[in-house]
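Rule-based calculations on the coordinates, nothing more; no lab input. For clarity, every value in this text was computed on a predicted model and none was experimentally measured. Positions of Cβ are backbone-derived with ideal geometry, glycine not excepted, and every protein chain shown enters the neighbour counts.
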Amino acid sequence: MSTIDESHLHSDPGIEGHSPHGGNGSARAGGPMASGGASPMQREQARTIFQKGSPGRRAFVCPQPEVPEVDAETLLPAGFRRAEPPRLPEVSEPEIVRHYVGISKRNFDLDSGFYPLGSCTMKHNPRLHERVAALPGHARLHPLQDPDRAQGALELMWSLQGALAEISGLAHVSLQPSAGSHGELAGVLLTRAYHEDRGESRHKVLTPDTAHGTNPATVTMAGLEVVKVATNEDGGVDVDDLRAKADGDVACLMLTNPNTLGLFDPNIAEIAQIVHGVGATLYYDGANLNAVMGLSRPGDMGFDIVHFNLHKSFTQPHGGGGPGSGPIAVSDRIAPFLPLPLVVRGEDGRFDLEYGRGRAGSKSIGRLRGFQGNYGCFVRAYAYICSLGGDGLKDASETAVLNANYLLARLREPSVAEYLPLPYGELCMHEFVLSGGPMKKALQVKTLDLAKRLLDFGFHPPTVYFPLLVEEALMVEPTETETKETLDSFAEAIATILQEAAEDPEIARGAPYTTPVRRLDEVAAAKHPVIRQALG
Amino acid sequence: MSRYTATTPDDLAAMLAAIGVDSLQEIFDRQIPTEVRLGRELDLPDGLGEQDVYEHLRSLAARNTSTEEELSFLGAGMYDHYVPALIDMLMERSEFLTPYTPYQPEISQGGLQVMFEYQTAVCELTGLPVSNASSYEGPSAVAAAGYLAKLHNGRSRFVISAGLHPHSIETLRTNAHGYGMDVVEVPLTTGSAGGITDPDAWAQAIDADTSAAIFAQPNFYGAVEDAAALSAAAKAAGASLPAGGAASGQGAGAPVVVAQVDPIALGVLKAPGECGVDVAVGEGQPLGNRLDFGGPSFGLFAARQEYLRRMPGRIAGETLDVDGRRGFVLTLQTREQHIRREKATSNICTAQALNALAGVVYLTWLGRRGIVELGELLLARTHYARETLAGIDGVEKLHQQPVIREFAVRLDVDVAAVRRRCAGEGVNPGVDLHALTGRESDRGGLLVAITERRTRADIDRLARVLEHAIAAERQAAVLA
């Protein structure tokens, strides 16, 4: 999820005109502070692998060709040959290990601490999944292996499809999309194909003003036009506004439920009725599925198309920004348009890939990528579903909601709520959004400052400045895998930071102090982009 | 408590009290209308203990024949290159495996620096000045390059070479239909100079409506294309045309020239940037990523400077912190969906950071000399394999063009049947071309990939097994 808004890119008072603190003991509750200035990691200037090594060093030892020598011109004529080798690093294997292990330590990660990044579902990543995904039968299986010699993989995909169909309440699944936004693109293209097949050309897609940025971006990529629907005072879809905008030119409504405010829309049945009433489809952004597994199903809510984020609800590790995986599930009327290939099972129980090429009357939108999708992610998600079972998935969602409500309750204690009120709702689902507006006004401390100060306390901050309709938004998703003690310590850290800010707002405004680097000049980075290491 | 949760009955009681509800049920009752509640348990098997899940997933893996268990010459987009052990170790480190996109740069310098290094490596490899931090994978990167061209010049048509990977063509078509573009396919040459993009048809197809001209290097059939000539022809055809849309390019009406490149070949092949290519995309799997039955891997996406602000996906940039230390941030975010929403240059959010890490570590492990040595090794062994196979009765080269680590041959018997016979001997001789492309002209075609893991002895064994299989298949045909 986004943690900045555009205004921060253009002018960030937290950066510009700032006089460095130098870490003079102002990080009271933070991590280890080196006395008298920078920590060892802060003293170490970042050097890329391209700035290390020396000509002639190497890690790779090339095998002997073992074949008769043939002249270079025969193998590859000079006109096609590269004159100079690419200037890749020249380093030994130990240097590579030191370098990457060293810079890895400049990352915060989920295994090290609480990561309540709203909308991203940073739940524990079981190492079992890495072990099973690395089995050669999975990891070293070529994507074009004959189906007869990939029956285990196809059965796994088939079983995962079945589980996702049951969880979503939509019977037909394609695992192909590479990530959530790719699943969204598939969904909008499916909607288009569905309408075109009915001889209709519809141009508009409705999205709530609280929608993830991927929703409107996807609509444009699919050649359609975004129409925003307002949010009502309870944080749900403004049904009157929806009714006014729902007409015969609407292809689809894209909705997240619970929405990005962490609220389940109580009018969902009516919303579905309005959308279906004008012949449009209903698309479910599955980013928040972790709130409702085994409790409520998009298909039962009336959705026609849903995407899953296997890297969120089904705990595929986030990898610093991928890989993800974004399967989709659809209703009967959308099924004929699903991307190909599909995994099918014959009457003899044998699994196969259905390409549909040349099949008369195939209505598929076609391929969205190479091969069958991110199988390595399927293995992990399937292992997770096997571990938890139906009961466990429900328990995961219930506990995610319990944890979010507990943390919300802790943050609604007066000392915090005064500065960080809850603008919508009373209870929440798996996440909640607070407003830092009063904090900014009363303490001259922005949500960005609070987020940066949390870094000194060893926490990853929540998602900030999203959704856009909440002033100075702070979007908190604790997930089910955190203990009550962790939630308590986070709530206490927020309270401490606010108390500290009431005494001296400069502390938060100058934070962080203990991290490998301190606040970075994003404006300069964007103004004069340096996006590669200069080489001599 | 399920497997990974920790709420004891005492915790639950304290938490409910703090929330101010009597039961967990009440939290849901007050929020989710009854009519959309699932009034039953999910119909899924019960959860299993860790050892049982392991056994189940192991038994599924055992029903797959991996490249460890047969002598495999499969390629066609993904290749069985050796992945050095240090990559496994680095990818499993918590610090790389478990964080998300580096939204908080102060605590994400490791991941951001990896992106910056990755971008540097891709720029070096492609000879282009700008790279993003990763795309999903090869074919969707081709489609993304098409979208960039559409945003750049607003024209209505893609001209593509039939030498593109069929998955790239299909993916581009799927996407192009969405944003309203036509796709015109230029055939390959036939005859003695066959196997490469037909230069005359290519030049003729490019017109004032051509947004992008897209080819593969080497192409799907393994042939090395004259990339410089294809680029020049596209630019020349465009130069005589009036400028269209928002074009600001080299030659008034020139389309955006896109090449899908094989990164591992770029140790020996002229860089796309030196060949007049505007945007180079490619499948990153050969660079230190495992096969994983097709993914996750990553897509390369590099371009000329003028396309920087239209690039899809994350880009890491260098800057300073308040104390003057060098640091890295996600930059040029005003291109991206979370800022620009419907005006974004792409909808991509989560991409392939961990796979791109494997890519840059692999390139570092190969190093400046290693990538050339590996390229030369592949050239030599592939040449040997091609000549050896072409010497078998019933096998001929599909084309005579230079090849790097993959080549196509035509068998005079049924390929599927031959492949089955070879499988019985523990050899997977390559990809059945017709089965993959559906093209009539590919009937009898076999696409054979040679990586550094395939020794001369392996190639000789392939030749023996293939020869026997063809002979046996001929005999069977005679008997039938």
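Computed values, structure above
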quantity	calculated
Interchain or long-range residues, amide H under 5 Å from residue A:227's placed H	A:205, A:206, A:207
Alpha-carbon Rg/Rh ratio, for segment A:97-180, with Rh computed the Kirkwood way	1.06
Test item: A:90-100 mean partner chain Cβ contacts at 10 Å	4
10 Å binning of all Cα-Cα separations within the protein assembly as shown, expressed as whole percents from 0 upward	2, 12, 21, 25, 21, 12, 5, 1, 0, 0
Spatial separation of Cα centroids for segment A:272-287 and segment A:199-223, in angstrom	12 Å
Segment B:264-401: proportion of alpha-carbon pairs further apart than 24 angstrom, %	52 percent
Angle between chain B longest axis and helix B:415-424 axis [Cα atoms, degrees, rounded to 10]	70 degrees
At most 13 other Cβ within 10 Å, DSSP loop - trypsin sites (Lys or Arg not before Pro), segment B:1-92	B:30, B:40
Distribution of pairwise C-alpha distances over segment A:285-398, 5 Å bins, in %	2, 10, 16, 20, 21, 17, 10, 3, 1, 0
Pairs beyond 22 Å (Cα-Cα), from A:228/B:343; A:204/B:343; A:123/A:440; A:52/A:452; A:245/B:150	A:123/A:440; A:52/A:452; A:245/B:150
Long-range tail of P(r) for segment A:32-130 (Cα pairs > 22 Å, %)	64 percent
0 to 90° range, to nearest 10: angle between helix B:353-390 axis and chain B longest Cα axis	20 degrees
Neighbourhood net charge (12 Å Cβ-Cβ; Lys/Arg +1, Asp/Glu -1) for residue A:102	+3
Candidate lysines for bridging to residue B:270, where Cα separation is under 21 Å - those fewer than 8 sequence places away on the same chain excluded	B:235
Per-peptide average of other Cβ atoms within 10 Å, ordering B:404-410, A:163-169, A:110-116 highest first	B:404-410, A:163-169, A:110-116
Relative counts (whole %) of C-alpha pair distances in segment A:138-296, using bins that are 5 Å wide	2, 8, 16, 19, 18, 15, 9, 6, 4, 3, 1, 0
For residue B:260, distant residues with modelled amide H under 5 Å away	B:215, B:216, B:217, B:281
Computed log₁₀ I(q)/I(0) - Debye formula, equal Cα scatterers, no solvent, chain B, q 0.10 Å⁻¹	-0.85
19 Å cut-off, amide nitrogen to a point 7 angstrom out along residue B:37 Cα→Cβ, residues in segment B:1-28	B:16, B:20-28
Residues whose placed amide H lies under 5 Å from that of residue B:73, excluding near-sequence neighbours	B:428, B:430
Ellipticity estimate at 222 nm from DSSP helix runs (n ≥ 4, -39,500 (n - 2.57)) divided over chain B, nearest 500	-12500 deg cm²/dmol
In Å, descending, principal axis extents of the Cα set of segment B:347-440	45, 36, 28
Extension reserve of the residue B:320-residue B:22 stretch, reckoned as 0.36 nm per residue once the Cα distance is removed	102.1 nm
Set of aspartates and glutamates near residue A:363 by C-alpha distance (under 13 Å), chain-local residues within fewer than 8 positions excluded	A:196, A:197
Highest average packing first - A:178-186, A:217-225, A:442-450, Cβ atoms within 10 Å	A:178-186, A:217-225, A:442-450
Separation of alpha-carbon centers, segment A:323-350 and segment B:307-334, rounded to whole Å	39 Å
Rounded to 10°, Cα long-axis angle of helix B:138-153 versus longest principal axis of chain B	90 degrees
Charge dipole magnitude, Cβ of K and R +1, D and E -1 - chain B, Cα centre, debye nearest 20	1160 debye
Alpha carbon convex hull of segment A:427-477, volume per residue in cubic angstrom	82 Å³
Cα centroid separation, segment A:118-165 to segment A:387-450 (Å)	34 Å
Convex hull of Cα atoms in chain A, direction-averaged projection (nm²)	30.9 nm²
Net charge contributed by nearby residues that have their C-beta within less than 9 Å of residue B:446 (K/R +1, D/E -1)	+1
